[in-house]
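First up is the structure itself, then whatever we jot down about it.
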Amino acid sequence: MTEFALTDAAKKPPLGQLPVVVVSSDPLASEAERRSHDGAAARLDSLSSNTVHVTATASGHEIHLYQPDVVVQALLRAVSAVRSGVLLSRP
């Protein structure tokens with residue numbers, strides 16, 4: 001995953017202000033995990049300056065199976081942000 005290896009949190013996010021909604025299960029990854037290739041999924045929220053991170057509590061890895069409503073709401077939120085041009089709010 002060279003995208004993450006080349007990404008520096010101190011620099012401009014590579015996706016600019018593209019709306020990004022990250023959905024993950026808990027517990028959230030530690031900072032060390034976020035910097036590793038194994039924790040790459042938890043770093044997706046650093047690829048854009050216009051992100052929101054949604055935690056699907058107690059769902060496990062397959063969130064779409066255990067909590068499909070969380071995934072649908074995340075998709076609707078991202079589509080709405082793209083269509084309206086409104087920035088996503090950070091938690």
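The values are calculated or read from the model by the stated rules, or taken from the named source; none is laboratory data. Quantities reported herein were computed from a predicted structural model and do not represent experimental measurements. Cβ sites come from the backbone with ideal geometry, for glycine too, and all protein chains shown count toward neighbours.
Yes/no matrix, rows are residues, columns are (1) at pLDDT below 70; (2) in contact with a Gly (Cβ under 6 Å, 6 or more places away or on another chain); (3) surrounded by fewer than 18 Cβ atoms within 10 Å (Cβ to Cβ):
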site: LYS12; (1), (2), (3): no, no, yes
site: ASP26; (1), (2), (3): no, no, yes
site: HIS37; (1), (2), (3): yes, no, yes
site: ALA40; (1), (2), (3): yes, no, yes
site: VAL52; (1), (2), (3): no, no, no
Inset, instruction - Taking only the stretch 48-91 into account, find how many residues are assigned to a loop (DSSP other than H, G, I, E, B), under 24 Å from LYS12 (Cα atoms) and touching a residue at least 24 places away in the same chain (Cβ under 8 Å). - result: 8
Legend entry - Criterion (of a type in the set (A, V, I, L, M, F, W, C), surrounded by fewer than 17 Cβ atoms within 10 Å (Cβ to Cβ), modelled with pLDDT of 90 or more and over 10 Å from the mean Cα position of the chain (by Cα)) met by exactly one of VAL86, VAL72: VAL72
Legend entry - Check on GLY16, more than 11 Å from the chain's Cα centre (by Cα) and either loosely packed, with under 12 Cβ neighbours inside 10 Å or at pLDDT 85 or above (or both): yes
Inset, instruction - Run down VAL52, VAL82, VAL86 and say which single residue is of a type in the set (Val, Ile, Thr), touching a helix residue (DSSP H, G or I) at 6+ places or on another chain (Cβ under 8 Å) and over 10 Å from VAL23 (Cα atoms). - result: VAL86
